[in-house]
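Enquirer: Have a look at the structure that comes next, please.
The values are calculated or read from the model by the stated rules, or taken from the named source; none is laboratory data. It should be emphasised that the depicted structure is a prediction, and the values quoted were computed from it without experimental measurement. Every residue, glycine as well, gets a Cβ built from its backbone with ideal geometry; the counts of neighbours run over all protein chains shown. Remember, those area values only see protein heavy atoms, side chains included, never the ligands or the DNA or RNA. Shrake-Rupley method; radii C 1.70, N 1.55, O 1.52, S 1.80 Å.
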Amino acid sequence: MAEENIEIRTADRAADALLVRPDSGDALPAVINLTDGLGFRPAFAEQSKRIAERGYVVLTPNIFYRISKSPVFPFEPDFGTERTKERFRELTAPLAPAAMARDGSAYIDYPASQKFVTGGPMGVIGFCFAGKFALNVAAARPDRIAAVASFHGGGLFTDNMDSPHLVLPRVKARLYFGHAANDAGMPSEAIEKFEWALRSWGGDYASETYEAKHGWMIPGGRVYDPENAERGFEKLMEVLDDTLQSAETRHQTAQ
């Protein structure tokens, strides 16, 4: 496995990122892995490597680069404390939808310029806060993003004028949303409204609620749920494989 710590030039400044890919001379599809609200950490590095092992080039940027290089929490985060909530608000404040779109384009253009990445469609994954980030990237770059997966995404449907669901008409990707049960950031009422918006959109999508807590996908957290995390990972790979890899590439990867 080839790993490289890189910097990506965005419209604002350089973003630190991890790029991982199999030790292969073949050009492979690219996947952008957008972290949750705690930012880049070893659990995401391991997850990105696991995706790469299945035949992908995976870029995992520090989405909070405007505020800090990784790690973005200089203390042990605990969302039960005001200190953590205040830091989270500081990290996410610059990430308005327009900033997500600009950053997403930079995250697409970097791997697209590499000889070890195919010229075909890409995928984007978002966790927690970054679920809406992933959706905004797909809307900004429908020319390249063909697969989107969001896990325990928050605020996907709101009453605000910049609610993420409003970008759906510009999205051409296959979408997958794995919601958490009893999630304050995406309660059942919001999930129902979001699924109504998805039906109205009319594209290729799946949306389901896991009997798991917000954050269940990421190892190391108190709510990590290995069984549901494995189920979610296989759902993710199904979306990526079916959308991004040709039958021939899947065959070569399996050998």
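Enquirer: Which one of these does Arg50 not meet: (1) open to solvent by 30 Å² or more (accessible area, probe 1.4 Å); (2) closer than 18 Å to Gly154 by Cα; (3) of a type outside the set (Phe, Trp, Tyr); (4) within 15 Å of the chain's Cα centre (by Cα)?
Expert: Of everything listed in (1) open to solvent by 30 Å² or more (accessible area, probe 1.4 Å); (2) closer than 18 Å to Gly154 by Cα; (3) of a type outside the set (Phe, Trp, Tyr); (4) within 15 Å of the chain's Cα centre (by Cα), Arg50 misses just condition (2).
Enquirer: From the set of residues in region 29-44 that are aliphatic (A, V, I, L, M), out of contact with any Phe, Trp or Tyr (no Cβ under 6 Å at 6 or more places or on another chain) and under 23 Å from Glu238 (Cβ atoms), which is least open to solvent (accessible area, probe 1.4 Å)? Step through it out loud before you land on a result.
Expert: Step one: of region 29-44, the residues aliphatic (A, V, I, L, M) are 30-32, 34, 38, 43.
Restricting the remaining residues to those that are out of contact with any Phe, Trp or Tyr (no Cβ under 6 Å at 6 or more places or on another chain) gives 30, 38, 43.
This time we only want the ones that are under 23 Å from Glu238 (Cβ atoms), so: 30, 43.
Numbers: Ala30: 2, Ala43: 24 Å².
Among residues in region 29-44 that are aliphatic (A, V, I, L, M), out of contact with any Phe, Trp or Tyr (no Cβ under 6 Å at 6 or more places or on another chain) and under 23 Å from Glu238 (Cβ atoms), the one least open to solvent (accessible area, probe 1.4 Å) is Ala30.
Enquirer: Could you tell me whether Val167 is aliphatic (A, V, I, L, M), open to solvent by less than 40 Å² (accessible area, probe 1.4 Å), at pLDDT 95 or above and in a helix (DSSP H, G or I)?
Expert: On the way: aliphatic (A, V, I, L, M): yes; open to solvent by less than 40 Å² (accessible area, probe 1.4 Å): yes; at pLDDT 95 or above: yes; in a helix (DSSP H, G or I): yes.
Criteria met by Val167.
Enquirer: Please identify the pairs in which a residue from region 219-248 that is at negative phi has its Cβ atom under 6 Å from the Cβ atom of a residue that is of a type in the set (A, V, I, L, M) and part of a helix (DSSP H, G or I), counting only partners at least 6 apart or on another chain.
Expert: These pairs meet every condition: Pro219/Ala43.
Enquirer: Of the numbered conditions (1) modelled with pLDDT of 95 or more; (2) closer than 18 Å to Asn33 by Cβ, Gly220 fails exactly one; give the number of that condition.
Expert: Exception for Gly220: condition (1).
Okay, residues lined up against (1) over 19 Å from Pro42 (Cβ atoms); (2) in contact with a Phe, Trp or Tyr (Cβ under 8 Å, 6 or more places away or on another chain); (3) open to solvent by less than 50 Å² (accessible area, probe 1.4 Å):
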| site | (1), (2), (3) |
| --- | --- |
| Leu59 | no, yes, yes |
| Phe75 | no, no, yes |
| Gly104 | yes, yes, yes |
| Ala112 | yes, no, yes |
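Enquirer: One residue is enough: does region 45-62 have a residue meeting the conditions over 19 Å from Leu236 (Cα atoms) and without any contact (Cβ under 8 Å) to a residue 40 or more places away in the chain?
Expert: Taking every residue of region 45-62 in turn, none turns out to be over 19 Å from Leu236 (Cα atoms) and without any contact (Cβ under 8 Å) to a residue 40 or more places away in the chain.
Enquirer: Another question, if that's okay. Out of all the residues in region 108-116, is one or more part of a loop (DSSP other than H, G, I, E, B), within 25 Å of Ala140 (Cα to Cα) and among the aromatic types (Phe, Trp, Tyr)?
Expert: Start the filter on region 108-116 by keeping residues that are part of a loop (DSSP other than H, G, I, E, B), which leaves 113-116.
Going one step further and asking which of them are within 25 Å of Ala140 (Cα to Cα), we end up with 113-116.
After this cut, where a residue has to be among the aromatic types (Phe, Trp, Tyr) as well, the list is 116.
Looking for residues that are part of a loop (DSSP other than H, G, I, E, B), within 25 Å of Ala140 (Cα to Cα) and among the aromatic types (Phe, Trp, Tyr), one finds at least one in region 108-116, hence yes.
Enquirer: State which residue is farthest from Asp225 (Cα to Cα) when the search covers only region 178-204 and only residues that are outside any helix (DSSP H, G or I) and open to solvent by 70 Å² or more (accessible area, probe 1.4 Å).
Expert: Within region 178-204, the match that is farthest from Asp225 (Cα to Cα) is Asp204.
Enquirer: Pull out all pairs, ordered by first then second residue, where Cβ-Cβ is under 8 Å, the residues are six or more apart or on different chains, the first lies in region 27-38 and is within 25 Å of Gly185 (Cα to Cα), and the second is surrounded by fewer than 24 Cβ atoms within 10 Å (Cβ to Cβ) and among the charged types (D, E, K, R).
Expert: Thr35/Arg41
Enquirer: In region 117-164, how many are among the hydroxyl-bearing types (Ser, Thr, Tyr), open to solvent by 20 Å² or more (accessible area, probe 1.4 Å) and either without any contact (Cβ under 8 Å) to a residue 40 or more places away in the chain or within 18 Å of Tyr210 (Cβ to Cβ) (or both)?
Expert: Within region 117-164, the first condition is being among the hydroxyl-bearing types (Ser, Thr, Tyr), and the residues that meet it are 118, 150, 158, 163.
Keeping just the survivors that are open to solvent by 20 Å² or more (accessible area, probe 1.4 Å) gives 118, 158.
Filter again for either without any contact (Cβ under 8 Å) to a residue 40 or more places away in the chain or within 18 Å of Tyr210 (Cβ to Cβ) (or both), leaving 158.
Residues flagged as among the hydroxyl-bearing types (Ser, Thr, Tyr), open to solvent by 20 Å² or more (accessible area, probe 1.4 Å) and either without any contact (Cβ under 8 Å) to a residue 40 or more places away in the chain or within 18 Å of Tyr210 (Cβ to Cβ) (or both) within region 117-164 amount to 1.
Enquirer: Are any of the residues in region 87-96 more than 24 Å from Asp225 (Cβ to Cβ), among the polar types (S, T, N, Q) and either part of a loop (DSSP other than H, G, I, E, B) or within 17 Å of the chain's Cα centre (by Cα) (or both)?
Expert: Initial filter on region 87-96 (more than 24 Å from Asp225 (Cβ to Cβ)): 87, 89-96.
Those still in the list that are among the polar types (S, T, N, Q) too: 92.
Imposing the further condition that a residue be either part of a loop (DSSP other than H, G, I, E, B) or within 17 Å of the chain's Cα centre (by Cα) (or both) reduces the set to 92.
Within region 87-96, one or more residues are more than 24 Å from Asp225 (Cβ to Cβ), among the polar types (S, T, N, Q) and either part of a loop (DSSP other than H, G, I, E, B) or within 17 Å of the chain's Cα centre (by Cα) (or both).
Enquirer: Can you say whether Glu76 is over 29 Å from Asp241 (Cα atoms) and either among the charged types (D, E, K, R) or out of contact with any Leu (no Cβ under 7 Å at 6 or more places or on another chain) (or both), as far as the supplied structure shows?
Expert: yes
Enquirer: I'd like the full set of residues that are touching an Asp or Glu at 6+ places or on another chain (Cβ under 9 Å) and in a helix (DSSP H, G or I), limited to region 70-86.
Expert: First pass over region 70-86, keeping only residues touching an Asp or Glu at 6+ places or on another chain (Cβ under 9 Å): 70, 84.
Answer for region 70-86, where residues must be touching an Asp or Glu at 6+ places or on another chain (Cβ under 9 Å) and in a helix (DSSP H, G or I): just Thr84.
Enquirer: Okay, next question. Would you check which residues across region 2-24 are touching a residue at least 24 places away in the same chain (Cβ under 8 Å) and surrounded by fewer than 12 Cβ atoms within 10 Å (Cβ to Cβ) and list them?
Expert: Those that are touching a residue at least 24 places away in the same chain (Cβ under 8 Å) and surrounded by fewer than 12 Cβ atoms within 10 Å (Cβ to Cβ): Arg9, Ala11, Arg13.
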